[in-house]
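K.L.:
Supplied in structure tokens, the structure appears directly below.
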There are 2 protein chains.
Amino acid sequence: MFDTLLVHNELKGEAFLDELRGKKPLFVCTIATTETGKIPQISAAGKYPEFTDYTPPADAELLLLGKCKCIAGVPVTPEGIPTPALITMSALRLADIPVLVASGGLKVTPHVPFLELGGHPGNDIRTGKAVNNVEEVIQRAKLAGEHLAKAADYLVIGESIPGGTTTALGVLMAMGVNAEGKVSSSMPVNPHGLKVDTVRAGLAAAGERFGSLAENPVRAISCVGDPMMPAFAGLVIGAAAQVPVLMAGGTQMTAVLAVVNALEPDVLCNVAIGTTKWVARDVSADIKGIVAQIADVPVLAADLDFGSSRFSGLKAYEQGVVKEGVGAGGAAIAAMVKLEGAVTKAMLLKEVERNYAVLMGTK
Amino acid sequence: MFDTLLVHNELKGEAFLDELRGKKPLFVCTIATTETGKIPQISAAGKYPEFTDYTPPADAELLLLGKCKCIAGVPVTPEGIPTPALITMSALRLADIPVLVASGGLKVTPHVPFLELGGHPGNDIRTGKAVNNVEEVIQRAKLAGEHLAKAADYLVIGESIPGGTTTALGVLMAMGVNAEGKVSSSMPVNPHGLKVDTVRAGLAAAGERFGSLAENPVRAISCVGDPMMPAFAGLVIGAAAQVPVLMAGGTQMTAVLAVVNALEPDVLCNVAIGTTKWVARDVSADIKGIVAQIADVPVLAADLDFGSSRFSGLKAYEQGVVKEGVGAGGAAIAAMVKLEGAVTKAMLLKEVERNYAVLMGTK
């Protein structure tokens with residue numbers, strides 16, 4: 001339906017999609033930075049590890065301004081592949097979907113309006129003290145979610161945080177979810193070993209082990225998570241009590257799902273995960289296998305295909321680079337569903353190519 | 001209609017109200033602090049001048065949490081009369097209207113989510129250098145207004161900034177609007193002389209005079225305004241291009257109106273001012289007389305009457321204390337119009353009294 005694949009819990013997924021038809025969403029982009037993202041070889045969300053402090057605010061600027069202000073150009077991987085925010089921005093603009101940026105904790109703030117939730121940038125999870133103020137940020141984000149849900153028909157929530165699949169693995173392992181070798185990566189070759197070693201170092205430093213925090217998601221985030229998570233989870237909890245919420249992202253969403261499931265499982269009847277085909281079909285990861293261990297929510301995937309693109313930087317997505325981020329898959333789904341099929345994946349690719357040409361300075 | 005008085009431009013006001021019937025608004029509360037609010041005898045928005053840094057964040061907390069966190073109790077005047085946020089909160093809760101807080105520049109940040117717009121707390125206008133970064137805050141707020149207008153049917157925008165009628169007078173005089181003796185006051189006796197002297201000192205320090213900044217609202221705010229104004233004006237400009245905007249406040253709104261009129265007059269066809277009966281009938285001020293000099297927008301007033309209240313702290317509103325603030329009048333109008341009369345002024349008083357009893361610890 002609407003160039004969207006039903007990846008997991010198909011019947012519920014179809015019903016969820018049906019409920020969104022023609023409705024007016026609000027896209028919320030939760031952004032945060034962390035020292036974990038600067039561990040060499042862990043993230044491709046920046047040309048160099050140090051640049052990852054700029055990637056989330058630059059992504060936020062791209063969504064709201066159509067260009068970045070805190071950096072020249074747009075965030076790129078070390079190979080020069082542009083940020084998935086390019087897809088998100090194209091989808092949201094095609095369907096005239098409004099955006100709100102929410103900060104979970106930033107080193108560099110964007111030159112656009114953003115919702116301040118009282119969080120701080122994250123530490124390296126190998127310290128075992130990854131995030132401060134988790135409980136308070138969850139409460140504030142919950143309040144924001146409650147109010148935003150009264151204004152919009154439903155929420156699509158995305159994220160931008162470098163190193164996010166590693167911190168996701170951290171929270172999943174701390175909470176007893178078997179996710180080793182199952183989280184995705186923005187890099188062509190998924191560094192599973194490095195991620196697992198990083199998480200194990202963090203758990204050891206915190207005096208925790210696999211599953212020891214199954215009942216304590218706040219401490220799981222505090223020890224080995226990232227500051228995007230309390231913002232994201234709080235928004236879901238506050239909003240999904242009233243309206244549908246599409247959690248827009250890849251395997252990182254499963255960590256947020258585990259947190260929400262532990263804190264407020266009742267709201268999950270209003271929740272689905274929306275990702276890209278590139279994550280859904282990622283042979284180096286297993287989003288379905290993780291979700292199935294946590295809760296009975298549907299997984300949807302935007303059936304994007306950049307194989308026919310005239311730009312090598314977009315074709316690269318078909319080779320498994322980047323794959324997802326900044327809610328690209330969920331934004332694409334929302335755009336297609338809002339206009340009930342009047343936006344197709346082909347139109348979306350055209351729009352992405354148009355924006356790519358402008359922003360990457362290519363003809 | 002709906003216990004709302006048509007105060008000025010009655011026909012347009014009636015049409016405006018009619019357009020809002022049954023629609024879903026979003027209430028945005030713009031907050032900021034300034035040293036101007038600490039000039040002795042200029043503001044009643046705090047028990048002591050130094051407390052005025054806490055009044056806007058405390059008002060914001062009251063709207064979102066139903067209680068304050070950054071202070072004990074609620075903001076009160078030197079006589080102990082509670083903040084008008086009590087009215088705003090009661091109205092918004094009765095009609096289930098969502099709230100978003102936006103900061104124009106704060107010394108003390110609230111313990112609730114708020115939209116950060118890149119502004120700074122304001123200086124004493126007698127320096128002639130009242131506000132930094134005005135242009136940038138207007139641009140960011142405009143962007144926020146554009147996006148919020150896509151999510152909500154219309155916006156109601158209120159403010160909390162101590163000393164706001166003095167800075168309003170400053171901008172009005174700088175822009176050549178005859179407002180001496182016409183701005184309202186939160187105090188029982190309106191200190192017109194002090195306000196005019198303060199503004200004159202500011203204009204002199206800035207090397208400006210009455211009307212010299214008629215074409216330069218950004219500089220007018222920068223010299224003798226306050227940091228709420230660029231946030232508020234930007235939100236109006238961004239939102240009113242798409243949806244109706246009710247500017248909720250007293251004579252301070254006329255300064256914002258002058259700014260919007262100078263920057264983007266076309267959007268004013270979608271704008272009305274919503275205030276309280278206490279401002280509309282204030283014999284020590286003249287909101288109509290100021291508006292008539294600027295633009296052809298309607299002025300509406302919530303027909304609130306606290307004369308029959310069992311609490312002296314509410315009865316005092318009938319004696320001209322406080323009068324308005326935190327968008328109380330506009331929030332009351334929006335609540336009554338949203339439910340098409342199912343919320344009346346009598347019900348609103350009951351709800352205000354109920355909240356008063358809880359928050360003031362009175363039976």
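K.L.:
Select, from A:T30, A:T36, the only residue that is of a type in the set (S, T, N, Q), crowded, with 22+ Cβ neighbours inside 10 Å and part of a helix (DSSP H, G or I).
P.N.:
Within the list A:T30, A:T36, the selection yields A:T36.
K.L.:
I'm told A:K350 meets every condition in (1) more than 27 Å from A:I31 (Cβ to Cβ); (2) part of a loop (DSSP other than H, G, I, E, B) except one. Can you identify the failing condition by its number?
P.N.:
So A:K350 meets the others, but not (2).
K.L.:
Going through the range A:304-322 one residue at a time, which ones are closer than 21 Å to A:C29 by Cα and either at pLDDT below 95 or acidic (D, E) (or both)?
P.N.:
Passing the criteria: only A:V322.
Listed here are the residues, each with its yes/no results for (1) under 22 Å from A:A220 (Cβ atoms); (2) at pLDDT 95 or above; (3) assigned to a helix (DSSP H, G or I).
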residue	(1), (2), (3)
A:T88	no, yes, yes
A:I97	no, yes, no
A:K107	no, yes, no
A:A149	no, yes, yes
A:V156	no, yes, no
A:T167	yes, yes, yes
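K.L.:
For the range A:58-69, what are the residues that are within 12 Å of another protein chain (Cβ to nearest Cβ) and either in contact with a His (Cβ under 6 Å, 6 or more places away or on another chain) or not in a loop (DSSP other than H, G, I, E, B) (or both)?
P.N.:
Those that are within 12 Å of another protein chain (Cβ to nearest Cβ) and either in contact with a His (Cβ under 6 Å, 6 or more places away or on another chain) or not in a loop (DSSP other than H, G, I, E, B) (or both): A:A60, A:E61, A:L63, A:L64, A:L65, A:K69.
K.L.:
If I filter the range B:235-260 down to residues being of a type in the set (S, T, N, Q) and part of a helix (DSSP H, G or I), which single residue comes out as farthest from the chain's Cα centre (by Cα)? Break it down into steps so the answer makes sense when it comes.
P.N.:
Kept after step one, since they are of a type in the set (S, T, N, Q), are these residues of the range B:235-260: B:242, B:251-252, B:254.
Remaining after also requiring part of a helix (DSSP H, G or I): B:252, B:254.
Numbers: B:Q252: 6, B:T254: 10 Å.
Filtering the range B:235-260 for residues that are of a type in the set (S, T, N, Q) and part of a helix (DSSP H, G or I), the one farthest from the chain's Cα centre (by Cα) comes out as B:T254.
To keep it simple, each residue is scored yes or no on (1) farther than 30 Å from B:V243 by Cα; (2) at pLDDT below 95; (3) away from chain A (no Cβ under 14 Å); (4) under 18 Å from the mean Cα position of the chain (by Cα).
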{"residue": "B:E10", "(1), (2), (3), (4)": "no, no, yes, no"}
{"residue": "B:F16", "(1), (2), (3), (4)": "no, no, yes, no"}
{"residue": "B:L26", "(1), (2), (3), (4)": "no, no, no, yes"}
{"residue": "B:I31", "(1), (2), (3), (4)": "no, no, no, yes"}
{"residue": "B:P49", "(1), (2), (3), (4)": "yes, yes, yes, no"}
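K.L.:
Does A:S222 satisfy being assigned to a helix (DSSP H, G or I), in contact (Cβ under 8 Å) with a residue 24 or more places away in the chain and not aliphatic (A, V, I, L, M)?
P.N.:
For A:S222, the condition - assigned to a helix (DSSP H, G or I), in contact (Cβ under 8 Å) with a residue 24 or more places away in the chain and not aliphatic (A, V, I, L, M) - is met.
K.L.:
Among the numbered criteria (1) over 21 Å from B:A335 (Cβ atoms); (2) free of Cβ contacts under 8 Å to residues at least 60 places away in the same chain; (3) within 13 Å of another protein chain (Cβ to nearest Cβ); (4) within 18 Å of the chain's Cα centre (by Cα), which single criterion is violated by B:Y54?
P.N.:
(3)
K.L.:
Scan the range B:128-140 and give yes if some residue there is more than 9 Å from every other protein chain (Cβ to nearest Cβ), surrounded by 24 or more Cβ atoms within 10 Å (Cβ to Cβ), touching a helix residue (DSSP H, G or I) at 6+ places or on another chain (Cβ under 6 Å) and not aliphatic (A, V, I, L, M), otherwise no.
P.N.:
Scanning the range B:128-140 turns up no residue that is more than 9 Å from every other protein chain (Cβ to nearest Cβ), surrounded by 24 or more Cβ atoms within 10 Å (Cβ to Cβ), touching a helix residue (DSSP H, G or I) at 6+ places or on another chain (Cβ under 6 Å) and not aliphatic (A, V, I, L, M).
K.L.:
On the given criteria, is A:G73 at pLDDT below 95, on the phi > 0 side of the Ramachandran plot and more than 10 Å from chain B (Cβ to nearest Cβ)?
P.N.:
Spelling it out, A:G73 is indeed at pLDDT below 95, on the phi > 0 side of the Ramachandran plot and more than 10 Å from chain B (Cβ to nearest Cβ).
K.L.:
Would it be correct to say that A:G80 is more than 26 Å from A:Q139 (Cα to Cα) and in contact with a helix residue (DSSP H, G or I) (Cβ under 6 Å, 6 or more places away or on another chain)?
P.N.:
no
K.L.:
How about the range A:112-127: which of its residues are part of a loop (DSSP other than H, G, I, E, B) and away from every other protein chain (no Cβ under 14 Å)? Lay out the reasoning, then the answer.
P.N.:
As a first pass, look at the range A:112-127 and keep what is part of a loop (DSSP other than H, G, I, E, B): A:112-113, A:117-121, A:123-124.
Hits for the range A:112-127 are A:P121, A:N123, A:D124.
Quick grid of which residues meet (1) assigned to a strand (DSSP E or B); (2) touching a residue at least 24 places away in the same chain (Cβ under 8 Å); (3) more than 23 Å from A:Q319 (Cβ to Cβ); (4) among the basic types (K, R):
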site: A:A262; (1), (2), (3), (4): no, yes, yes, no
site: A:L268; (1), (2), (3), (4): no, yes, yes, no
site: A:W278; (1), (2), (3), (4): no, yes, no, no
site: A:V283; (1), (2), (3), (4): no, no, no, no
site: A:A292; (1), (2), (3), (4): no, yes, yes, no
site: A:V297; (1), (2), (3), (4): no, yes, yes, no
site: A:F306; (1), (2), (3), (4): no, yes, no, no
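K.L.:
Go through (1) assigned to a helix (DSSP H, G or I); (2) of a type in the set (S, T, Y); (3) crowded, with 24+ Cβ neighbours inside 10 Å and name the single condition B:T198 misses.
P.N.:
With respect to (1) assigned to a helix (DSSP H, G or I); (2) of a type in the set (S, T, Y); (3) crowded, with 24+ Cβ neighbours inside 10 Å, B:T198 is out only on (3).
K.L.:
Also: Which residue, of A:A168, A:A151, A:A179, is closer than 29 Å to B:H147 by Cβ, within 20 Å of the chain's Cα centre (by Cα) and crowded, with 22+ Cβ neighbours inside 10 Å?
P.N.:
None of the other options fit; the residue is A:A168.
K.L.:
Sticking with this structure for a sec: Would you mind finding the one in A:V279, A:V245, A:V236, A:V259 that is surrounded by 24 or more Cβ atoms within 10 Å (Cβ to Cβ) and touching a Leu at 6+ places or on another chain (Cβ under 6 Å)?
P.N.:
Of the residues listed, the single one that is surrounded by 24 or more Cβ atoms within 10 Å (Cβ to Cβ) and touching a Leu at 6+ places or on another chain (Cβ under 6 Å) is A:V245.
K.L.:
Hey, can you tell me all the residues within the range A:133-175 that are farther than 24 Å from A:F16 by Cα and basic (K, R)?
P.N.:
Hit for the range A:133-175 is A:R140, nothing else.
K.L.:
Which one of A:A144, A:A220, A:A204 is out of contact with any Asp or Glu (no Cβ under 7 Å at 6 or more places or on another chain), within 14 Å of chain B (Cβ to nearest Cβ) and hydrophobic (A, V, I, L, M, F, W, C)? Before the answer, list the steps.
P.N.:
Details: A:A220 fails: within 14 Å of chain B (Cβ to nearest Cβ); A:A204 fails: within 14 Å of chain B (Cβ to nearest Cβ).
Unique residue meeting the criteria: A:A144.
K.L.:
I would also like to ask the following. Determine, yes or no, whether A:A316 is out of contact with any Lys or Arg (no Cβ under 7 Å at 6 or more places or on another chain), in a helix (DSSP H, G or I) and buried (at least 24 other Cβ atoms within 10 Å of the Cβ).
P.N.:
no
K.L.:
Do you know which residues across the range A:39-50 are crowded, with 19+ Cβ neighbours inside 10 Å and closer than 15 Å to A:P82 by Cα? Break it down stepwise before answering.
P.N.:
First, the residues of the range A:39-50 that are crowded, with 19+ Cβ neighbours inside 10 Å: A:39, A:42-46, A:49.
Result: A:S43, A:A44, A:A45, A:G46.
K.L.:
Moving on. So which pairs qualify, if the first residue must be in the range A:340-362 and touching a residue at least 24 places away in the same chain (Cβ under 8 Å), the second must be among the hydroxyl-bearing types (S, T, Y) and surrounded by fewer than 19 Cβ atoms within 10 Å (Cβ to Cβ), the Cβ gap must be under 9 Å, and the two must be at least 6 apart or on different chains?
P.N.:
A:L349/A:S308; A:L349/A:S309; A:V352/A:S309; A:E353/A:S309; A:Y356/A:S309; A:Y356/A:T362
K.L.:
A further question follows. Cβ contacts < 7 Å: first residue hydroxyl-bearing (S, T, Y), restricted to the range A:110-138; second residue part of a loop (DSSP other than H, G, I, E, B) and surrounded by fewer than 20 Cβ atoms within 10 Å (Cβ to Cβ), any location; separation 6+ or different chain. Result?
P.N.:
Pairs found: none.
K.L.:
Of the residues A:T109, A:T36, A:T83, which is over 27 Å from A:L5 (Cβ atoms), β-branched (V, I, T) and more than 12 Å from every other protein chain (Cβ to nearest Cβ)? Write out each step before concluding.
P.N.:
On the way: A:T109 fails: more than 12 Å from every other protein chain (Cβ to nearest Cβ); A:T83 fails: over 27 Å from A:L5 (Cβ atoms).
The conditions single out A:T36.
The values are calculated or read from the model by the stated rules, or taken from the named source; none is laboratory data. Just so you know, these numbers come straight off a predicted model, no measurement behind them. Please note: Cβ atoms are built from the backbone with ideal geometry, for glycine as well, and neighbour counts cover all protein chains shown.
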